[in-house]
Amino acid sequence: MDPSLLAAALSGAVVALLLTVFGGGGSVLATPLLLYVVGVRDAHVAIGTSAAAVAVNAAVGLAAQARAGRVKWPCALTFGAPGLVGSLVGAHLAKAISGGHLLVGFAVAMAAVGLSMFRAPRSPGDPDVHIDPAKALRLVPAGAATGLAAGFFGIGGGFLIAPGLMAATGMTLANAAASSLVSVTLFGAATSLSYAASGLVDGPLFVALVGGGGLGVVAGVRLAPGLASRTLLARRLFAVMVIGAAVYVLGRAIAL
C-alpha cells in the first residue's frame, strides 16, 4: 500500500475517533495531519480533502448517535440550515487567499478550538429540550456565523456548534455533542463541494481518510461510555494537544 495512503487512513481513524467521542475539535486536526504527516503540499487541497472526509465520518457518527436517541433534530436543523449557507460563503472567500496566509488563520482557529475545550459546562442542561420561536431566533444567527467560520477554515466547527447549541437551547452536553454532528456533516459537505468544484480535493486520499475513519467511529462509539465520567479531563488533555499542534502549524506557516 502507498505509504501516503496508509498515513491518510491512520489520520482518518484518529480524526473520526475524536469526532465521535467529543462531537467537535477532532476535525481540526485533519488538515495538519494531511499537510505534515501525509505530505500534501497545497494547503487548499488539504483543506478541501479533509473537509470531504470529515463530512462523511461525521455522517457515520451521526447515524450512530441518532440510533442512540441523542440527537435533538429540530434544534440541530434550525442551527445547521443557515450555517450551510455560511459555510459556502466562507469556502468561497478562503479559496481567494494564499495558502500561507490561510494557514496562519487556521492556526489561530486551532488555538481557539483548544482553549474552548478547557471550559466546563455551566449546568447539566435539559435532556427534554424542545424548539420554540425564542430558541430559533438564537439558533439561526449562531448557525450562520459558525458555518461561515467552518467554511473559511475548512473545519467541522463542532467546537463552536456544541457550545452554541447549549447556549441557545439549554440542552445537555451529550445532546449537544450528538446534535452538532448534523452541522458538521452539512458544513463539511458544503465546503468540500466548493473545493471539489475548483479541483482541490484529492480523490485517493479522500477514500483512505474515509476508510480509516470508519474504524475510528467504531472505536469512538465503544470508548465514549467509558469516558463519560472523565469527559472533562479527557477534553482538556486533548485541548493541550490541539494547542500544541496550532503552535506547530503557525511556525511552519510563518516559515513559508
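General remarks:
- Some residue of region 84-98 being under 23 Å from residue 237 (Cα atoms), crowded, with 21+ Cβ neighbours inside 10 Å and at pLDDT below 95: no
- Residues in region 174-187 that are modelled with pLDDT under 85 and closer than 28 Å to residue 249 by Cβ: 177 alone.
- Of all residues in region 21-63, those that are of a type in the set (A, V, I, L, M) and within 21 Å of residue 235 (Cα to Cα) total 8.
- Within region 193-202, the set of residues being over 16 Å from residue 11 (Cβ atoms) and not hydrophobic (A, V, I, L, M, F, W, C) comprises 194, 195, 198, 199.
- Number of the condition not met by residue 58 [criteria: (1) modelled with pLDDT of 90 or more; (2) buried (at least 24 other Cβ atoms within 10 Å of the Cβ)]: (1)
The values are calculated or read from the model by the stated rules, or taken from the named source; none is laboratory data. Predicted, not measured: the structure shown is a model, and the values here were computed from it. Every residue, glycine among them, receives a Cβ derived from its backbone with ideal geometry; neighbour counts consider all protein chains shown.
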